[in-house]
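The values are calculated or read from the model by the stated rules, or taken from the named source; none is laboratory data. For clarity, every value in this text was computed on a predicted model and none was experimentally measured. Cβ atoms come from the backbone with ideal geometry, glycine included; neighbour counts cover every protein chain shown.
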Amino acid sequence: MDTRASISFDTRVFNLLTIKAASIKFLDKASFDFSLDGHQVKVSIRFENPLNAEAFLADYRNEVLDQDLRAIISEETRPYRDIILANAFSRTSLIKE
Amino acid sequence: MALANKFIPLIEFEEKEDCTYHLLPFRFVKLENDKYVVTNFVGEYLILHRRELDDLVHKRILSNTPLFYDLTSKHFISDSNSTVATDLLALKFRTKQHANSFFTSLHIFVVTLRCDYTCKYCQVSRQTEDKDSFDMTAITAENSLKHMFMSPNHSLKVEFQGGESLLNFPLIKHIVLKAKEINQTAKRNLQFVISTNLSFIDDEILAFCKEHSIHISTSLDGPEWLHNKNRPRPGKNGYATTISGIKKTSDFLGPDYVSPLMTTTEASLNHVKEIIDEYVSLGMHSIFLRPLSPYGFAVRTKQLEKYQMDRWLEFYKDGLEYILELNRNGYAFVEQYAAIILTKILSNSNSGYVDLQSPAGVGISAIVFNYDGRVFISDEARMLAEMGDNTFCIGDINLNTYEEIMLSPTLLDTLEQSATESLPTCNDCGFLPYCGTDPVYHHATQGNIVGLKAESGFCKKNMEIMKYLFKLMEDQETKLILQSWIRC
């Protein structure tokens with residue numbers, strides 16, 4: 001069982017927001033520090049209770065990948081969200097001409 | 001020639017092997033292993049493997065595949081310049097959200113804090129029977145009614161709560177008659193519910209309930225030993241009184257007019273089948289398996305410390321499995337929280353459940369008029385106030401106008417911070433279309449109304465139940481049973 005771990009990501013592959021968003025999902029189990037060294041962001045992890053670091057890091061890496069997908073979806077679908085909401089509210093008096 | 005120009009060329013309908021598509025808004029959440037629940041803008045869903053999800057986002061789904069057709073028909077992608085997909089999503093979104101414009105429907109009148117029970121988990125600070133200073137006055141009741149009829153909602157529901165509400169039955173009568181008098185001009189759809197332990201139910205009360213179509217809500221925690229352990233009534237057998245009251249009320253008003261509710265305690269956790277069997281033995285066809293809330297005596301007696309959400313979830317899943325088994329054996333029985341969630345997953349209907357709305361239903365779906373005139377955004381907020389935390393009091397019905405109460409900064413700030421579409425963690429969760437947030441719960445347990453979802457019992461509960469329901473629906477026979485629970 002471990003109390004600490006660290007992992008690095010290349011910021012040319014995953015942006016910092018994606019890594020932070022993934023970290024939020026694990027705040028019940030750990031706290032996180034971030035530091036930048038060139039293109040590498042190092043994530044230092046301290047676990048609240050001792051646990052298997054390798055298993056945790058595997059889940060963490062997968063969550064980073066999931067957050068990366070979410071970022072792609074969010075960016076590509078932004079205009080469609082606006083169109084759908086504008087269309088949905090177009091018959092109310094809430095939108096000024 | 002003019003007619004031919006009205007039709008899109010035939011070639012547009014032919015399959016395109018290398019068709020490119022664009023993504024429409026969707027979210028996803030991990031179900032188990034490499035399976036994900038993917039939900040579109042209005043909550044229609046597909047279950048995809050991780051690789052399929054990756055292929056979807058990176059435009060690798062081929063146009064002549066069943067998955068492509070599913071994704072197109074459910075508006076996860078669009079392969080043309082047509083606006084049909086976005087138009088339909090807008091229409092569905094408007095349908096889902098339209099109930100928000102109806103405004104406050106449920107109005108809770110706390111007619112007294114007096115009670116003859118000493119329930120260990122009591123979520124309000126109760127007083128003993130002889131303290132008349134904890135009764136709502138007629139003036140407070142009438143001012144509350146005036147406020148209620150200011151709501152634009154065509155359907156208004158009055159729920160009488162306590163303490164033990166029948167200890168102030170004269171005021172209940174006054175409120176019902178006054179409401180009906182006002183309604184002769186207001187012309188709303190009025191409904192009344194009395195929450196009571198049935199200790200004081202008698203023929204006079206039942207006759208009044210029958211005359212005015214009043215429903216009865218009561219508490220039944222399970223078999224006799226459990227009910228009396230949770231809800232001791234000094235000097236008497238509370239279970240016997242409750243059962244006798246349920247039967248008397250059911251015989252007089254009809255079985256559809258009596259609804260028992262259970263509350264889970266530490267003592268309940270290993271006995272879910274016995275609890276369900278108790279409801280079956282009374283001829284009931286549904287149960288609401290409720291967790292313990294962090295308010296009132298539940299905290300003071302440290303009930304909450306005695307079990308965590310994980311244990312309650314085991315209790316819930318065991319209960320749901322048992323209920324499904326009852327259904328397979330021919331006895332129709334519904335778990336009501338599952339039914340609420342399934343309605344949101346499998347239909348475009350808004351179930352109207354206050355705790356699963358975005359923004360939260362506090363104030364704008366339900367409101368509480370306390371016995372002393374204070375107005376609260378929810379019943380949980382009232383319970384918190386009885387613990388000394390008055391954060392969610394939005395005014396005094398005897399001193400403040402409708403506008404001052406409904407435009408209270410407390411209410412508006414809470415609503416603004418309860419729209420899940422803009423809350424961290426919630427905003428990209430695949431279960432967002434089915435979920436909500438509970439600002440009072442998060443304030444009580446974490447000290448802020450948004451709450452860190454990784455540590456939220458509310459989030460954990462809903463995530464686990466929703467995942468569990470999706471897994472159950474992978475079996476077609478079970479899915480048919482669950483579909484029959486939808487309320488539309």
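Regarding region B:450-465, can at least one residue be identified that is touching a residue at least 40 places away in the same chain (Cβ under 8 Å) and in contact with a strand residue (DSSP E or B) (Cβ under 9 Å, 6 or more places away or on another chain)? Taking every residue of region B:450-465 in turn, at least one turns out to be touching a residue at least 40 places away in the same chain (Cβ under 8 Å) and in contact with a strand residue (DSSP E or B) (Cβ under 9 Å, 6 or more places away or on another chain). Can you confirm whether region B:185-192 contains a residue that is assigned to a helix (DSSP H, G or I) and closer than 20 Å to B:Glu142 by Cβ? For region B:185-192, residues assigned to a helix (DSSP H, G or I) and closer than 20 Å to B:Glu142 by Cβ: present. Of the helices (runs of 4 or more DSSP H) lying entirely inside region B:400-488, the ones with 1 or more residues being closer than 23 Å to B:Lys96 by Cα and out of contact with any Gly (no Cβ under 9 Å at 6 or more places or on another chain) are found at B:409-416, B:457-472, B:476-483. Reported count of residues in region B:160-177, each being buried (at least 22 other Cβ atoms within 10 Å of the Cβ) and of a type outside the set (A, V, I, L, M), is 7. If you go through region B:280-291 and keep only what is surrounded by fewer than 18 Cβ atoms within 10 Å (Cβ to Cβ) and under 19 Å from B:Ile243 (Cβ atoms), you end up with B:Val280, B:Ser281, B:Leu282, B:Gly283, B:His285, B:Ser286, B:Phe288. Please verify whether B:Ile377 is of a type in the set (A, V, I, L, M), over 21 Å from the mean Cα position of the chain (by Cα) and away from chain A (no Cβ under 14 Å), treating the condition exactly as stated. No: the conditions fail for B:Ile377. The conditions of being of a type outside the set (Gly, Ala, Ser), farther than 16 Å from B:Val158 by Cα and surrounded by fewer than 19 Cβ atoms within 10 Å (Cβ to Cβ) are met by B:Leu407.
Of A:Arg61, A:Arg4, all but one fail to be away from chain B (no Cβ under 14 Å), charged (D, E, K, R), in contact (Cβ under 8 Å) with a residue 24 or more places away in the chain and more than 20 Å from B:Pro25 (Cα to Cα); the exception is A:Arg4.
Does B:Leu423 satisfy being of a type in the set (A, V, I, L, M, F, W, C), within 14 Å of chain A (Cβ to nearest Cβ) and free of Cβ contacts under 8 Å to residues at least 60 places away in the same chain? Answer is yes for this residue. If we scan region A:66-77, do we find a residue that is without any contact (Cβ under 8 Å) to a residue 12 or more places away in the chain and exposed (fewer than 13 other Cβ atoms within 10 Å of the Cβ)? Scanning region A:66-77 turns up at least one residue that is without any contact (Cβ under 8 Å) to a residue 12 or more places away in the chain and exposed (fewer than 13 other Cβ atoms within 10 Å of the Cβ). Within region B:175-185, not a single residue is hydroxyl-bearing (Ser, Thr, Tyr) and modelled with pLDDT under 95. Restricted to region A:78-91, and to residues there that are at the interface with another protein chain (Cβ under 7 Å from one of its Cβ atoms) and not small (Gly, Ala, Ser), the residue that is surrounded by the fewest Cβ atoms within 10 Å (Cβ to Cβ) is A:Arg81. Please go through region B:471-488 and give me each residue that is surrounded by 14 or more Cβ atoms within 10 Å (Cβ to Cβ), more than 19 Å from the chain's Cα centre (by Cα) and either at pLDDT below 95 or not polar (S, T, N, Q) (or both), ordered by number. Correct list: B:Lys471, B:Leu472, B:Met473, B:Lys479, B:Ile481. Of the residues B:Arg114, B:Arg50, B:Arg94, the single one that is surrounded by 14 or more Cβ atoms within 10 Å (Cβ to Cβ) and over 31 Å from the mean Cα position of the chain (by Cα) is B:Arg50. Listed by position, the strands (runs of 3 or more DSSP E) contained in region B:10-116 that have at least 1 residues being of a type outside the set (Asp, Glu) and within 12 Å of another protein chain (Cβ to nearest Cβ) are B:26-32, B:35-40, B:45-49. Any idea which residue in region B:355-379 is modelled with the lowest pLDDT, counting only those that are part of a helix (DSSP H, G or I) and of a type in the set (Asp, Glu)? It comes out as B:Asp355. Out of all the residues in region A:58-80, is one or more in a strand (DSSP E or B) and modelled with pLDDT under 90? Among the residues of region A:58-80, not one is in a strand (DSSP E or B) and modelled with pLDDT under 90, which makes the answer no. The residues in region B:363-414 that are among the hydrophobic types (A, V, I, L, M, F, W, C) and free of Cβ contacts under 8 Å to residues at least 12 places away in the same chain can be counted, and the count is 2.
Consider region B:230-243 and keep the residues that are out of contact with any His (no Cβ under 6 Å at 6 or more places or on another chain) and either without any contact (Cβ under 8 Å) to a residue 40 or more places away in the chain or surrounded by fewer than 13 Cβ atoms within 10 Å (Cβ to Cβ) (or both). The one that is nearest to B:Asn189 (Cα to Cα) is B:Ile243. Inspect all residues belonging to region B:67-79 and state whether any of them is surrounded by fewer than 18 Cβ atoms within 10 Å (Cβ to Cβ) and over 28 Å from A:Leu65 (Cα atoms). No: region B:67-79 contains no residue that is surrounded by fewer than 18 Cβ atoms within 10 Å (Cβ to Cβ) and over 28 Å from A:Leu65 (Cα atoms).
Checking the stated criteria, B:Lys180 turns out to be within 30 Å of B:Thr140 (Cα to Cα), exposed (fewer than 15 other Cβ atoms within 10 Å of the Cβ) and either in contact (Cβ under 8 Å) with a residue 40 or more places away in the chain or touching a strand residue (DSSP E or B) at 6+ places or on another chain (Cβ under 9 Å) (or both).
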